[in-house]
Amino acid sequence: MTAGSVLLWFFGILAALVGLCAIVSFFQRHFESEKFDERQQQVRGKANGLAFGFGYVYFLVLFAAMKLGWKLPLDAASLVILGLLMQAMILHIYAMFHHAQLPLGKKHWTSVLAYGILGCSHLHLFRSNQETLRIAEIAAEQGVNMLGVGIESAREDVYLMLVFSAVFFSLAAMHLIRIVWPEKE
């Protein structure tokens, strides 16, 4: 890769980010969004800061571990996805503990339903991929690689679906608890 192509990619990505920000800004000006009060915005800001702070430390340690050649328990891509999931969970849990997860006066049964559906779909993917993995392990014993990747890598991907399912079910449960058990005035 030449320096010119690297600069071209950099400016292309930068232009795409500027375009994305312009589109988001347009939609925020012309379409009404849900309103949070000042206290909720402050709590959500603290939750964002906490989640991003955790992410900075987590990804810095992950990068150092990879550069130092440490044996990692999972594939690097799986660890990155787990780090992003932990950031999202920190954000949701902190906002939920401080009653700042839902806009004022809103009870979003759709968020409970959406998280529940996502949890069910990932659980279904886990079950079907687990069966495929079992068949692939039997085939690997016969000397046939039907997956195109190693069994350990495929097993990680299968169990990552289970982790996604658990995260989505826990988010659905947290939102359901907050809706059913309202905060005290």
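Before moving on, here are some points about what is shown:
- Residue within segment 22-34 that is at pLDDT 85 or above and loosely packed, with under 11 Cβ neighbours inside 10 Å present: yes
- Only listed residue being more than 30 Å from D157 (Cα to Cα), open to solvent by less than 90 Å² (accessible area, probe 1.4 Å), assigned to a helix (DSSP H, G or I) and not charged (D, E, K, R), chosen from A51, A15: A15
- All conditions in (1) open to solvent by less than 70 Å² (accessible area, probe 1.4 Å); (2) farther than 30 Å from A172 by Cβ hold for G45, with the sole exception of (2).
- Inspection of segment 59-74 identifies at least one residue that is modelled with pLDDT of 80 or more and under 24 Å from A95 (Cβ atoms).
- Residue match in segment 136-150 (condition: modelled with pLDDT of 80 or more, open to solvent by 70 Å² or more (accessible area, probe 1.4 Å) and acidic (D, E)): no
The values are calculated or read from the model by the stated rules, or taken from the named source; none is laboratory data. Note that the coordinates shown come from a computational prediction; the quantities given were computed from them, not determined experimentally. Quick reminder, even Gly has a Cβ in these numbers, built from the backbone with ideal geometry, and neighbours come from all protein chains shown. What goes into the accessible areas is simple: the full protein's heavy atoms, side chains included, and nothing from ligands, DNA or RNA. Shrake-Rupley method; radii C 1.70, N 1.55, O 1.52, S 1.80 Å.
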